[in-house]
Structures are given as C-alpha cells and as structure tokens.
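Take a look at the structure below.
The values are calculated or read from the model by the stated rules, or taken from the named source; none is laboratory data. All figures in this text were calculated on a predicted structure; none of them were measured in a lab. Because the Cβ atoms are built from the backbone with ideal geometry, glycine has one as well, and the counts that use them run over all protein chains shown. The area values use the complete protein model at the heavy-atom level, side chains included, leaving out ligands, DNA and RNA. Shrake-Rupley method; radii C 1.70, N 1.55, O 1.52, S 1.80 Å.
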Amino acid sequence: MTCAEWLKNELSKSDPVLCDTIRAEAKKLGYSKRELKEARVKLSVKTFHLINEDSDMNWFWYLPEEENKR
C-alpha cells in the first residue's frame, strides 16, 4: 500500500484527524516524512488548528470532500 492510499484510508475513517497521530502512525508503518508530505499534497489534504486550554496549538488534517461535513 502506498503512503497516499494509507493516508486516504486513515483520513476517511474519522474527520478530522490530529496531525501528530497521523505522523506517528505513518512513522510506525515505515513511511518517511517526505512520503507523507507527498501523499498530503497529492490528496489535497486540508488543515486547521485549534488552541486548547493550555494554549497548545493542535493541527488537524482532513480530506477536501469531508469539508462539507464539518
């Protein structure tokens, strides 16, 4: 399975997904940062961020076709 196929599958499971979660899982599966970035670009993955109570910024990823569900 290519990184793009894997990423599409992961982002289709739930909307949106914490970026750190995706990166950690991709690393466990042996995908490089470069492969993940290329997959993100290929799929036109959208991003947004939220700031929690501790003022930590959390980035989330989602697929563009999921945008209408938000």
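Structure notes:
- Full-stretch length increase - E38, E65 - with 0.36 nm per residue and alpha-carbon distance subtracted: 7.9 nm
- Local electrostatic count at A24 - Lys and Arg +1, Asp and Glu -1, tallied over other residues with Cβ under 13 Å: +1
- Heavy-atom accessible surface of the chain: percent carbon and sulfur, 1.4 Å: 48 percent
- Distance histogram in 10 Å bins (all Cα pairs of the chain, percent per bin): 20, 54, 23, 3
- Using Cβ point charges alone (K and R +1, D and E -1), the dipole size of the chain about the Cα centre works out to roughly 360 debye.
- Contour excess over end-to-end distance, with Cα ends at L29 and D56 and 0.36 nm allotted per residue: 7.0 nm
- Dividing the summed helix terms, -39500 (n - 2.57) for each DSSP H run of n ≥ 4, by the number of residues in the chain produces a 222 nm estimate of -13000 deg cm²/dmol to the nearest 500.
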